[in-house]
Amino acid sequence: MPNLIMEYSNSVDERASVPLLLESLHQGLIDSGLFEVPAIRSRAIRINDWLIGSSEDREDFIHVTLELMEGRSDEQKNRLAEAIIHILSEHAASIESLTATVREVSSAGFLKFAHQV
């Protein structure tokens, strides 16, 4: 943990480099100094069907959810959200909707299985 999940409308592929954007977001988490690098997980999910208000699928979007284990201060979470939006606006300014959510995950509801090699 943390897990960064970038959801984006399929139209984003035509207007921004999704791999570069994902790499930049991942690097932003590394640069924050808040996490052990091997623990950071980032992925992008292309969305083919979506609705935003009454505009159906005509408004393109990128939404980043950052899941963190509990224990970060509100200030740290706000700085992470601001950094995400800054990176999105640098690499995808032409996308109509750029949003970010930083969400805490309770350790009581999180399990991880690691294979012993």
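Some observations on this one:
- Amide N proximity, segment 1-24 versus Arg103 label position 7 Å along Cα-to-Cβ, cut-off under 18 Å: 1-9
- Rounded to 10°, Cα long-axis angle of helix 18-32 versus longest principal axis of the chain: 40 degrees
- Placing pseudo-labels 7 Å out from each Cα toward the beta carbon at Arg43 and Phe113 gives an inter-label distance of 1.5 nm.
- Residues in segment 82-117 reached by a label modelled at Glu67 [backbone nitrogen below 18 Å; 7 Å Cα→Cβ]: 100-115
- Hull-based mean projected area of the chain, where the convex hull spans the alpha carbons, in square nanometres: 8.7 nm²
- Put simply, segment 5-58 fits an ellipsoid with semi-axes of 28, 12, 9 Å; these come from the alpha carbon gyration tensor as the roots of five times its eigenvalues, largest first.
- Amide proton proximity set for Val102, modelled H, under 5 Å, gap of 5+: Leu66
- Heavy-atom surface of segment 55-117, accessible at 1.4 Å and reported per residue (Å²): 66 Å²
- The Cα-based radius of gyration and maximum Cα-Cα distance (Dmax) for segment 48-117 are 16.1, 51 Å.
- With both labels modelled 7 Å from their Cα along Cα-to-Cβ, the Asp13 to Glu96 distance reads 2.0 nm.
- Helix 74-91 and the longest principal axis of the Cα set of the chain meet at an angle near 40°.
- Convex hull volume per residue for segment 28-75, taking Cα atoms only, in Å³: 130 Å³
The values are calculated or read from the model by the stated rules, or taken from the named source; none is laboratory data. If you're wondering where the values come from, they're calculated on a predicted model, not measured in any experiment. Every residue, glycine as well, gets a Cβ built from its backbone with ideal geometry; the counts of neighbours run over all protein chains shown. These accessible areas exclude ligands, DNA and RNA; they are computed on the full protein's heavy atoms, side chains included. Shrake-Rupley method; radii C 1.70, N 1.55, O 1.52, S 1.80 Å.
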